[in-house]
Amino acid sequence: MNSFVIADPSLCIGCRTCEVACAVSHQSGSCSGTLEREGGLHLAIEDGHLVSKDSYFQPRLKVIVGSKVTTPVLCRQCEDKPCAMACPNNAIVSEDGCVKVLQERCIGCKSCVVACPYGAMAVVLKEVAPAADSLFKRPQTKAQALKCDLCRHREAGPACVEVCPTQALRLVTPEHLETLNRQKQLASAEALLAMPARV
């Protein structure tokens, strides 16, 4: 079983701090958590979603705002990986207890987006450097799949979990699930023992 981040909708206040922390954590060229760019950051909320005019500023989770509930949606790091089964280039693999996208193989076809039962995959455009032998040196874009990678590049773990002001997000590990399962089994056994014996 893989680790994954789970959200508690009863605690989520829809502040989108998790989205910003995720995007900052995954900036190209730096994982420092600071944004230094001429002209500042171009963020806006359109149709209830955080959007950016900066192509590198892409969160790997999405806060969904409903009429009665607000919650972040993240990859559940599925064991059977429907996204990987749908990928024609085998660009989605399990590695170190995490399902990740190998960007060098990804062709941006969106098969993984369609296959994901949680809606946790996204395909975005990223600027790439033109080939060294290209005649015109115009910036080019490449479509690539993005999903939660549990911030494997950070020793502290997922940035979204760390910054959530209400602790609505938490990292669930296989060990944590085993402990919860044992506690439930023990509670069930104790409840059975407390029942009067039938004669």
Could you check segment 116-154 and list, in sequence order, the residues that are of a type in the set (D, E, K, R) and either buried (at least 16 other Cβ atoms within 10 Å of the Cβ) or at pLDDT 95 or above (or both)? Lys126, Lys147, Asp149
Go through (1) closer than 17 Å to Cys78 by Cα; (2) in contact with a Ser or Thr (Cβ under 9 Å, 6 or more places away or on another chain) for Cys160 and report which single condition fails. (1)
Single residue of segment 47-83 satisfying the filter (outside any loop (DSSP other than H, G, I, E, B), under 25 Å from Thr141 (Cα atoms) and not hydroxyl-bearing (Ser, Thr, Tyr)) that is modelled with the highest pLDDT: Cys83
What are the residue pairs meeting all of these: first residue in segment 103-114, first residue outside the structural domain of His26 (by TED's automatic domain parsing), second residue assigned to a loop (DSSP other than H, G, I, E, B) and surrounded by fewer than 18 Cβ atoms within 10 Å (Cβ to Cβ), Cβ atoms under 6 Å, and 6 or more apart or on different chains? Arg105/Asn89; Ile107/Asn89
Which numbered condition trips up Lys100, out of (1) buried (at least 17 other Cβ atoms within 10 Å of the Cβ); (2) touching a Cys at 6+ places or on another chain (Cβ under 8 Å); (3) not β-branched (Val, Ile, Thr)? (2)
Conditions first: (1) touching a Cys at 6+ places or on another chain (Cβ under 8 Å); (2) of a type in the set (D, E, K, R); (3) outside any loop (DSSP other than H, G, I, E, B). Asp149 passes all but one, so which condition is the exception? (3)
Flagged in segment 157-178 as more than 14 Å from the chain's Cα centre (by Cα) and at pLDDT below 95, in numbering order, are Thr173, Pro174, Glu175, His176, Leu177, Glu178
I need the full set of residues from segment 155-199 which are free of Cβ contacts under 8 Å to residues at least 60 places away in the same chain and surrounded by 12 or more Cβ atoms within 10 Å (Cβ to Cβ), in order please. Gly157, His176
Residue that is surrounded by the fewest Cβ atoms within 10 Å (Cβ to Cβ), among those in segment 9-21 that are within 9 Å of Pro72 (Cβ to Cβ) and hydrophobic (A, V, I, L, M, F, W, C): Cys12
Does Ala197 satisfy being over 22 Å from the mean Cα position of the chain (by Cα) and in a helix (DSSP H, G or I)? no
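The values are calculated or read from the model by the stated rules, or taken from the named source; none is laboratory data. Source: prediction; values computed, not measured. Backbone-built Cβ (ideal geometry, glycine too); neighbour counts: all protein chains shown.
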